[in-house]
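Chemist: Dumping the structure here so I can ask a few things about it.
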Amino acid sequence: MGYVIMWHMLDYAQAGRSHCKNNIPCQDKTVSCRMNGVHLLGLADGAGSAKFSHFGAETALQATCDYTANNFESIFNQTDGVQVKKNILARILEALRQKAEQLNCNIKDLASTLLFVAIKNNKFLLFHIGDGVIGYWKNDSLKVASKPETGEFSNTTVFTTSSKALLYMKLFKGNIENIHGFVLMSDGAAESFYQKRTGQLAPVIVRIMRKVCLVEHGEMLQLLKDSFQLVVNNTQDDCSIAIIAQYNEELERFLSMNFWQQMRYFNINNKRRAKKKYSLWMKIIKYLNEPKTVQQIAQCVCLKKKYLRKQLFLMAKMQLVKKMNNKFHLR
């Protein structure tokens, strides 16, 4: 039985304590959408010193979305990375100049960072200007793709409107292969999810990615909003995060079925046996939000390892779980 990979996206931005106290709008902006067959995920952190940076962040994201969605293949196939950066930055600056004219302000008043990921089929593009962190989940490991970029002086960063934005702009491209997801976060959110000293992301990011794939979008957004109350308490800054993750469509299809549809899926017709099987498999799925050994799963579901291995084998055969490095996890 084959399965199809689907991408799920979630983004959220919340004003920091200092901005709420002073009635200043949230300067972090996020976006997640699909255009021309391209999944687009972006985050922009408006410069605190820029009067209209919240408009600038929004404008930079929209310009990047439009340009990337319409030119994904040419960007990906372009061998001259510098030219790619020039083209993207030119599109952003053009949009910012138009916005500056509308607002009757200087383009510097629209300064923001930019973190962006685009995915089409099995290819991805990644752009980064300024601070914030971009991470990815690959082969059950959480890694950092792009760290915060500082400017020429300490405690400064680079913005889309900086004179040296092209010099500091980072561009990555590649094949998805075993990448299960990407995460973008502003420096405010990074204070909770990123360890500067070790350069590592918090393991909770993987759990959030899994939930993004399994939990209904509106419910997951509310869960994220609730959890961000703690994140905001760790900083005075605005906090934002954007996630794109992929999951096994076969598992999603299974979870969307009612009880008897699931039993027919397993070719189980005996009512008593069906209920017992359903209860057990749902328990196993619940405890596999992160990779576990047979011993760990057995302790969670109170089942003998010999019988559990048989169930895991059946679930793997149905492509609901997979085994890697002696650990089982949801596909």
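The values are calculated or read from the model by the stated rules, or taken from the named source; none is laboratory data. Given the structure is predicted, the values throughout are model-derived calculations rather than measurements. Here the Cβ positions follow ideal geometry from the backbone for every residue, glycine too, while neighbour counts run over all protein chains shown.
Chemist: Go through region 14-70 and give me each residue that's of a type in the set (Val, Ile, Thr) and more than 23 Å from residue 108 (Cβ to Cβ).
Modeler: Residues satisfying the conditions are 38, 68.
Chemist: Does residue 102 satisfy being assigned by TED's automatic domain parsing to the domain that holds residue 192, polar (S, T, N, Q) and surrounded by fewer than 13 Cβ atoms within 10 Å (Cβ to Cβ)?
Modeler: Considered against the rule, which asks whether it is assigned by TED's automatic domain parsing to the domain that holds residue 192, polar (S, T, N, Q) and surrounded by fewer than 13 Cβ atoms within 10 Å (Cβ to Cβ), residue 102 comes out as yes.
Chemist: Follow-up. Looking at the structure I just gave you, is residue 69 more than 22 Å from residue 25 (Cα to Cα), in a helix (DSSP H, G or I), in the same structural domain as residue 144 (by TED's automatic domain parsing) and without any contact (Cβ under 8 Å) to a residue 24 or more places away in the chain?
Modeler: no
Chemist: Please specify each residue of region 27-37 satisfying the condition of being in a loop (DSSP other than H, G, I, E, B) and crowded, with 21+ Cβ neighbours inside 10 Å.
Modeler: 27
Chemist: Say we look at region 265-301 and pick out the residues that are modelled with pLDDT of 80 or more and not in a helix (DSSP H, G or I); which of these is surrounded by the fewest Cβ atoms within 10 Å (Cβ to Cβ)?
Modeler: 293
Chemist: Let me ask something else about it. Does residue 24 satisfy the criteria of being more than 22 Å from residue 149 (Cα to Cα), free of Cβ contacts under 8 Å to residues at least 12 places away in the same chain, surrounded by 14 or more Cβ atoms within 10 Å (Cβ to Cβ) and not charged (D, E, K, R)?
Modeler: yes
Chemist: With respect to residue 40, determine if the residue is out of contact with any Phe, Trp or Tyr (no Cβ under 8 Å at 6 or more places or on another chain) and within 30 Å of residue 320 (Cα to Cα).
Modeler: The answer is no for residue 40.
Chemist: Still on this structure, please answer the following. If you take the residues of region 38-52 that are within 13 Å of residue 119 (Cα to Cα) and hydrophobic (A, V, I, L, M, F, W, C), which of them is surrounded by the fewest Cβ atoms within 10 Å (Cβ to Cβ)?
Modeler: Within region 38-52, the match that is surrounded by the fewest Cβ atoms within 10 Å (Cβ to Cβ) is 38.
Chemist: In addition: Of the conditions (1) part of a strand (DSSP E or B); (2) crowded, with 19+ Cβ neighbours inside 10 Å; (3) at pLDDT 95 or above, residue 172 satisfies every one except a single condition; which number is it?
Modeler: (2)
Chemist: Identify all residues within region 302-317 that are buried (at least 16 other Cβ atoms within 10 Å of the Cβ) and either among the β-branched types (Val, Ile, Thr) or part of a loop (DSSP other than H, G, I, E, B) (or both); write none if there are none.
Modeler: 303, the sole residue that qualifies.
Chemist: Just checking, does region 126-143 include any residue being in a loop (DSSP other than H, G, I, E, B), free of Cβ contacts under 8 Å to residues at least 12 places away in the same chain and either closer than 30 Å to residue 203 by Cα or in contact with a helix residue (DSSP H, G or I) (Cβ under 9 Å, 6 or more places away or on another chain) (or both)?
Modeler: no
Chemist: Then there is this: Kindly check whether there is at least one residue in region 53-65 that is surrounded by fewer than 21 Cβ atoms within 10 Å (Cβ to Cβ), more than 20 Å from the chain's Cα centre (by Cα) and either assigned by TED's automatic domain parsing to the domain that holds residue 95 or in a helix (DSSP H, G or I) (or both).
Modeler: No.
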